[in-house]
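Reviewing the structure listed below.
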Amino acid sequence: MVAPIRFQVSCEEAYDYLVDPANRPEWQSSLRGVADVRGPDGVVGQTWTDVTLPGLRPRMELTDADRPHRWSERGTWRGFDATLTLTFTAVGSFCDVGVVMHVAGTGLARPVAAALNRVAPSAVRSDLVRAAKILARR
């Protein structure tokens, strides 16, 4: 489980920044870019391909969008399926961003997915802390 991350901006600002695939390479450590973006930003059904440092290219889809309260995405790549849900809670003029994530795998990917579920939360938290710092400087 990932403890909520405090963003020193409104939930609307945090939501809009985090949900936009074009912003992802700025705050996601493993991401080098996004490609093949289809659909409007922040609208359920939008898809894109993450271009990662190790060379993986998961296909991503926005599966839930309730601005500025919650959004979920799903990524698939070979035998892996990952979901990430962010929740946005106003705390005065700031926003706490909560995280729920899960990685599933089939066949030979199953034990790797189990390991990812243990290590990925700290990476996601680190990425969100980076995003909060970026927004705090704007």
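Things worth noting here:
- Charge tally around P4: other residues with Cβ under 15 Å, Lys/Arg +1 each, Asp/Glu -1 each, net +1.
- ³J(HN,Hα) computed for each position of the stretch 125-132 - Karplus, 6.51 cos²θ - 1.76 cosθ + 1.60, integer Hz, glycine/proline x: 4, 4, 5, 5, 4, 4, 4, 5
- Across the stretch 71-80, rounded Karplus estimates of 3J(HN,Hα) from the backbone phi angles (6.51 cos²θ - 1.76 cosθ + 1.60, θ = phi - 60°) give 8, 10, 9, 10, x, 10, 7, 6, x, 10 Hz, Gly and Pro being marked x.
- Over all other residues within a Cβ to Cβ distance under 14 Å of P40, the charged ones net out to -2, with Lys and Arg as +1 and Asp and Glu as -1.
- Count Lys and Arg as plus one, Asp and Glu as minus one, and take only other residues whose Cβ is under 11 Å from that of V51; the net charge is then +1.
- Amide H contacts under 5 Å for Q46, placed H, 5+ residues apart: L62
- Ellipsoid equivalent to the chain - semi-axes via the Cα gyration tensor, in Å: 24, 17, 14
- Per-residue Karplus couplings for the stretch 41-53, computed as 6.51 cos²θ - 1.76 cosθ + 1.60 with θ equal to phi - 60°, are listed in order as 4, x, 10, 3, x, 4, 10, 6, 10, 6, 10, 9, 4 Hz, Gly and Pro entered as x.
- Per residue, the Cα convex hull of the stretch 95-138 amounts to 66 Å³.
- Rounded Å value of the spacing that divides the Cα centres of the stretch 1-57 and the stretch 66-138: 10 Å
Just so you know, all these numbers are worked out from the coordinates, no wet-lab data involved. Keep in mind the model is a prediction, meaning the values are calculated, not measured. Glycine gets a Cβ as well: all are built from the backbone with ideal geometry, and neighbour counts include every protein chain shown.
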